[in-house]
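Working notes, beginning with the structure itself.
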Amino acid sequence: AILALDNAGSDSSKAQAWLLNQTKGTADLTWFLEIESSQPTSCTIEYSSLSFNIDIGEDKKISSNAGSCLTLSEDDYWLRIAPSCFDEEFVVSCDKSFLTTLLFRKSASSTVHVLPESSSSAPGGTTSEKVDSLCFVQNNICNYEGTLWASFVLDSLDKDVSSYLPYLLTLAEDNKEFIPDMFLYSITSDLEHRTSLLSKQKTKKWWSESGDKFYDTALALYPFQKETFQEKTNSKEWLLSVQDANGCWENNIRNTAFILNSVWP
């Protein structure tokens, strides 16, 4: 509704405010702090008014835990952040030039994702890292499809949706029926998502991840409203060949509207 109102030039501020209030932190992700330097270095990590000293060797390994919030992990290359400390801000300082970033993965998965933003500092300077991972909820439970759409719409309004990307990225493989590549490509402009999305076209005509090839084709082509390329041309030819005499597709109002908006805007 917000997307439609915005396209029509109507005020959607109250709906946006309500939507932004329907979030919570994600608990099913494992987070790590990485501290990287081209030289061996000694560092201080501060949080909760406490300070901990660690060393990073020439082999990039970290020497010790940094309190109860940060424990050695992954062969001592990273520090795992305890779930009870996701609200903590970790301030890092080292005696050599260094950078810090956060990494995350779905619990029980071996696939690790890296946040696109990293922080760097000269010797003696500081960086700050804090877990920022949210989802949109329904009945207080993370709703993956809802988070895809809400993030997509808010991003189209130039809102910062980076907090939702960790959840969307790590759960994408478990939710293929929603075609997450469309949303992730629209939000991030990452060409890997574009390539993955186009590769899922069936018989060079349609997409069918959910079982509804008309809705799925409209969804898959939605980021490309102003583009022309072979996969899209093939889909347009197929859609015209199966359009009903009355102009609809299978007399489905939602799908017909979506197809027109996506493919013939």
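Worth pointing out:
- Solvent-accessible heavy-atom area per residue, rounded to whole Å², over the stretch 1-137 at 1.4 Å: 53 Å²
- Within the accessible surface of the chain, defined with a 1.4 Å probe on protein heavy atoms only, the carbon and sulfur portion equals 47 percent.
- Rotationally averaged projected area of the stretch 141-265 (alpha carbon convex hull; nm²): 8.1 nm²
- Net length gained if the chain between Gln225 and Asp158 were fully extended (0.36 nm per residue, minus Cα distance): 22.3 nm
- Divide the volume of the convex hull around the Cα atoms of the chain by the residue count and you get 166 Å³ per residue.
- Helices in the chain, meaning DSSP H runs of at least 4 residues, each add -39500 (n - 2.57). Divided by all residues, the mean residue ellipticity at 222 nm is -9000 deg cm²/dmol.
- Overall form of the stretch 44-114 per C-alpha gyration tensor (a/c, 1.5; a/b vs b/c): oblate
- Only lysines eight or more places from Lys176 in sequence, or on another chain, were considered; those with a Cα closer than 27 Å are Lys24, Lys106, Lys159, Lys200, Lys202, Lys204, Lys205, Lys213, Lys226, Lys232, Lys236.
- Helix axis angle, 253-263 relative to the chain longest principal axis, alpha carbon, degrees: 70 degrees
- When cysteine pairs in the chain are screened for C-beta atoms closer than 4.7 angstrom, the residues that find no partner are Cys248.
- Among 1-10, 62-71, 230-239, 143-152, the order from most to least packed when residues are scored by Cβ within 10 Å on average: 143-152, 62-71, 230-239, 1-10
- Surface per residue (accessible, 1.4 Å probe) for the stretch 164-234, Å²: 46 Å²
- Sites Ser128 and Thr195 - FRET efficiency at Förster radius 35 Å, r taken between beta-carbons, to 0.05: 0.55
The values are calculated or read from the model by the stated rules, or taken from the named source; none is laboratory data. Note that the structure is a prediction, hence the values are computed from the model and not measured. Using ideal geometry, Cβ is built from the backbone for each residue, glycine included, and neighbour counts are taken over all protein chains shown. Just so you know, the surface numbers come from the protein's heavy atoms only, side chains and all, with ligands and any DNA or RNA stripped out. Shrake-Rupley method; radii C 1.70, N 1.55, O 1.52, S 1.80 Å.
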